[in-house]
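What follows is a single structure, written as structure tokens, with notes after it.
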Amino acid sequence: NNNGKSGKFHAALVDWYDSLHGATRCLALDVFRTQLRKTAPEYPSNERSSILVADALRSSSSSSSFAINESRVWNVAARCLVELQVIYDALQLVLLRRQRVTGQPEDDEQKNYDDGPSQQQQNQHQLLPPSWRLDIVDELCRPLAERLRFHFLEERTGIMAGGGEERQSTHHHAQQKSKMDRLPEWLFRYFREVVDNHGVYSLVMRDGVQSLVDSVMDSLDVRASMAMEVEGSFSFDQHDVPVPEYDGARGGSFDAEVDDAGTKTHEALQQLRQLHYCHSSVYFLREVARMARHALRAKSFFHHPDVVGSECLDRTIALRGIEQLFLFDSFMDERIEEGGEFWSTSDRGIAPPRMVDTFLSSDEFLMQWWLEEERDGIISSLRRCAVTTLSSYQSRKEEDGPDEGRETSAGTTTQQQLYPPISEFFVALLHSARCKSNIFHDQRSRQMYLATVIAPLCSEYLDMVHSEAASLRKKMLARPPTSGPGVSVLRSANLPSNELLTSNTMDWASLITGTHLAAQAVLGPEERQDSHNDVLDRVGESMERLCDAMVEEFTSAYVETIIMERAKLASYMMRAPFLLSEPPSPERRGQRDKDKCGDSLSLSPDLNDSIHVVSLGVQACNATMRKVEDMFQTDDDDYGNAGEPSNAIEPNAMLYFGSRSIHEALKFAISQKLLDIAIDPQGMTPEIHLGGAQQFQHDVAAFERLFRAGGSGAGKEADNTIEPGPMERVVAGSHLMSLEPSQIQTIRDALRTLAVPSAGIGSLFGRRGDESAVGECNSVVGDEVTRLNIDDFYNDDRLMEEANNMLEAKGFAALSLNESLSIINRRC
């Protein structure tokens with residue numbers, strides 16, 4: 001290695017370049033500052049000055065000829081300033097990599113470019129040291145820093161300054177204290193005006209500086225490629241000039257060294273462009289945030305005795321100051337998002353410092369105090385909303401008072417809401433709280449905020465919903481007044497009024513819908529930033545379970561108490577087995593004969609109240625669904641073959657949730673009661689006769705038409721792949737048991753032929769002789785030979801499939817084979 005002469009020459013060459021670069025850089029900085037004061041002396045105080053600067057920077061990146069000499073000097077200085085820094089950074093990066101390859105020790109300045117080779121290999125977003133500066137942006141930030149010092153930091157000219165004898169007066173102390181109270185607000189407002197209203201960010205940084213930097217990078221990239229091609233075009237003979245070894249490193253040919261240097265220079269420029277020089281606007285935002293942080297630290301705002309000390313008489317001063325921190329960080333995030341995918345392509349060191357992490361998370365005492373105040377304030381706001389909107393909280397003030405806005409003396413109801421205001425207010429509070437939580441970059445602070453503020457907020461809301469549900473249930477089950485103005489009851493004196501049942505059902509649907517919306521807000525989108533934390537997931541799942549519990553609670557009260565007990569559906573269920581098993585008797589006119597009017601059947605008398613109460617609940621759900629349809633302008637023509645609206649959007653389906661849940665729950669509960677009569681799991685109906693079966697079919701059809709009319713809207717279920725519910729099963733069962741004797745006998749004989757081949761096929765063609773007269777019951781009811789046994793079909797999968805296909809062809813696919821056989825065996 002020529003006794004180290006090559007290394008010494010290289011070091012001397014680098015020192016000479018550093019000195020030349022430093023002198024040239026200082027000259028370019030002086031020219032740039034001088035011409036900036038002459039061209040735009042008011043920059044950055046107004047938008048006009050920003051336009052002048054942006055136009056000059058753009059012209060320097062697009063043209064080399066200028067009409068005005070002074071403008072040309074400034075443009076050349078700006079371009080030279082960028083070129084000097086890009087070349088210097090690229091050279092330092094190439095030298096650093098070469099030293100790592102050759103094994104030469106690094107000096108202190110070069111070591112700043114990386115904390116360790118392994119770390120840089122693992123994280124390619126760290127190319128330049130944290131102290132890296134972008135000179136042209138720094139120079140454009142200098143006038144802003146001077147104005148910041150003048151307005152906020154100078155003792156004689158700042159906002160805290162006073163004049164003359166006023167300094168010693170009490171009035172001045174109060175005025176100075178008032179100014180200190182609003183320091184964060186004024187400071188951040190000033191920076192927002194500079195960034196947005198004065199056009200410094202969009203005009204100067206994004207359009208002016210970035211276009212100039214891109215032009216310089218493109219020019220240097222082309223020049224580097226051309227230089228590499230020129231150097232590589234020189235030809236050498238077989239005895240190429242060898243490259244000396246560096247501390248034992250392997251040498252190579254001169255051509256290979258030239259090609260390798262050119263390639264590394266090109267790679268260095270590309271990496272610098274991608275990770276640093278394409279984000280000059282974000283660098284500017286970082287400098288703005290640093291200036292704001294410096295001003296707050298210089299004034300010691302969050303340690304000032306008038307703010308957090310013993311002399312502070314108003315705790316809202318610190319709360320307002322902390323609120324300004326969140327607003328400023330949110331403002332900076334919005335500006336960064338305008339620039340594209342910065343976080344995935346840039347060095348995180350260029351990102352602006354977070355005000356909340358700097359002043360709030362770092363102070364344990366202040367953080368804990370603020371979390372408690374935030375929790376108490378947000379819960380207090382929710383409770384104030386509950387007092388004015390929830391009937392359960394209003395009843396605490398007016399015990400047994402009228403339900404304002406629900407039932408009036410005239411017997412009419414006011415317009416119902418799709419969801420209660422408390423749910424909307426909770427979602428707004430939750431959104432604000434989650435935005436604050438996501439602003440924290442410190443994971444510990446974010447977890448503390450979730451546990452201290454958001455979780456108690458959700459718990460308070462759940463308690464309010466539970467209390468409101470208990471209040472609605474109490475109102476539904478309350479005994480109606482027997483006298484008084486405006487009293488309107490049904491046929492039974494034990495039933496609530498029509499208006500109360502309708503409004504109460506709407507209130508239940510509104511409350512369930514609001515809780516469902518709140519649960520979706522808590523769960524949030526899948527791509528949310530705090531998805532790694534399962535606290536909110538558990539809370540959201542608890543709210544969904546609460547929705548299900550409220551639907552069950554409403555159904556239990558409405559069906560089991562109002563319909564079964566007070567509307568006498570239980571009486572019908574007690575009489576139904578006798579209705580079905582009553583044989584025809586010409587000597588005695590039974591209750592079934594009284595229900596007949598000529599040749600047509602009428603509804604059973606003991607179902608009049610039940611069908612009326614059910615219709616009120618269904619109509620209440622329909623009114624809510626029609627309101628949603630009118631809001632989103634959907635009609636029957638908008639629904640496709642699958643039963644879903646062609647223009648459906650997510651809020652539409654969510655607003656249907658409460659009314660659809662209640663509608664389906666009522667349908668399931670009533671149909672399950674009727675299905676128990678048809679299937680007879682308790683063995684109350686050993687025989688089924690045609691007359692009673694036809695009356696039961698008529699009663700079932702009345703309920704089925706009622707729920708079918710209420711099945712419009714988002715709840716249409718036209719998908720045949722859905723498993724039949726209790727209503728479909730009871731309709732099919734009532735139709736099966738009410739078939740004519742010849743039809744039921746044909747089905748019975750066909751199934752018996754499948755199960756017992758020895759029975760022959762004669763019965764399939766009606767050749768049964770005198771032993772099976774049409775219209776008679778099975779010859780021996782208890783004889784297992786004449787009854788169809790489900791075990792015969794279970795033992796043979798083929799027989800099971802054939803039997804199911806046969807029943808499906810007859811229109812009884814909703815019934816299972818066991819249920820069909822139970823009806824067929826009992827039918828006489």
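Grab the helices (runs of 4 or more DSSP H) fully contained in the stretch 612-726, keeping just those with 3 or more residues being crowded, with 18+ Cβ neighbours inside 10 Å and either at pLDDT below 90 or out of contact with any Phe, Trp or Tyr (no Cβ under 8 Å at 6 or more places or on another chain) (or both).
Details: elements: 650-655, 657-679, 690-709.
Passing ranges, in order: 657-679, 690-709.
Of the numbered conditions (1) at pLDDT 90 or above; (2) of a type outside the set (Gly, Ala, Ser); (3) over 29 Å from Lys475 (Cβ atoms), Leu511 fails exactly one; give the number of that condition.
The number of the failed condition is (3).
What about Ser571, is it in contact with a Leu (Cβ under 8 Å, 6 or more places away or on another chain), at pLDDT 90 or above and part of a helix (DSSP H, G or I)?
Spelling it out, it is not the case that Ser571 is in contact with a Leu (Cβ under 8 Å, 6 or more places away or on another chain), at pLDDT 90 or above and part of a helix (DSSP H, G or I).
Which one is modelled with the lowest pLDDT, of the residues in the stretch 362-380 that are surrounded by 15 or more Cβ atoms within 10 Å (Cβ to Cβ) and not hydrophobic (A, V, I, L, M, F, W, C)?
Initial filter on the stretch 362-380 (surrounded by 15 or more Cβ atoms within 10 Å (Cβ to Cβ)): 363, 366-367, 369-371, 373-375, 378-379.
So of that shortlist, the ones also not hydrophobic (A, V, I, L, M, F, W, C) come out as 363, 373-375.
Values: Asp363: 90, Glu373: 93, Glu374: 94, Arg375: 94.
Taking the candidates together, the pick is Asp363.
Going through the stretch 282-299 one residue at a time, which ones are among the small types (Gly, Ala, Ser) and surrounded by fewer than 22 Cβ atoms within 10 Å (Cβ to Cβ)?
Answer for the stretch 282-299, where residues must be among the small types (Gly, Ala, Ser) and surrounded by fewer than 22 Cβ atoms within 10 Å (Cβ to Cβ): Ala289, Ala298.
Exactly one condition in (1) at pLDDT 85 or above; (2) under 24 Å from His689 (Cβ atoms) is false for Val551; which is it?
(2)
Can you pull out the residues in the stretch 38-48 that are closer than 19 Å to Tyr201 by Cα, part of a helix (DSSP H, G or I) and either free of Cβ contacts under 8 Å to residues at least 12 places away in the same chain or among the basic types (Lys, Arg) (or both)?
The one that is closer than 19 Å to Tyr201 by Cα, part of a helix (DSSP H, G or I) and either free of Cβ contacts under 8 Å to residues at least 12 places away in the same chain or among the basic types (Lys, Arg) (or both): Arg48.
Go through Asp314, Asp259 for me and flag whichever is in a loop (DSSP other than H, G, I, E, B), charged (D, E, K, R) and either at pLDDT 90 or above or out of contact with any Cys (no Cβ under 6 Å at 6 or more places or on another chain) (or both).
Of Asp314, Asp259, the one residue that is in a loop (DSSP other than H, G, I, E, B), charged (D, E, K, R) and either at pLDDT 90 or above or out of contact with any Cys (no Cβ under 6 Å at 6 or more places or on another chain) (or both) is Asp314.
Tell me, yes or no, whether the stretch 493-504 has at least one residue that is hydrophobic (A, V, I, L, M, F, W, C), touching a Gly at 6+ places or on another chain (Cβ under 8 Å) and modelled with pLDDT under 95. It would help to see each step written out before you state the result.
Our first condition is that a residue be hydrophobic (A, V, I, L, M, F, W, C); within the stretch 493-504, this holds for 493, 495, 500-501.
Adding the requirement that they be touching a Gly at 6+ places or on another chain (Cβ under 8 Å) leaves 501.
Restricting the remaining residues to those that are modelled with pLDDT under 95 gives 501.
For the stretch 493-504, residues hydrophobic (A, V, I, L, M, F, W, C), touching a Gly at 6+ places or on another chain (Cβ under 8 Å) and modelled with pLDDT under 95: present.
It is to be established whether one or more residues within the stretch 804-826 are over 59 Å from the mean Cα position of the chain (by Cα) and either polar (S, T, N, Q) or at pLDDT 90 or above (or both).
no
The values are calculated or read from the model by the stated rules, or taken from the named source; none is laboratory data. No experiment lies behind these values; they were computed from the predicted model shown. Heads up, the Cβs are rebuilt from the backbone with ideal geometry, glycines too, and the neighbour counts pull from every protein chain shown.
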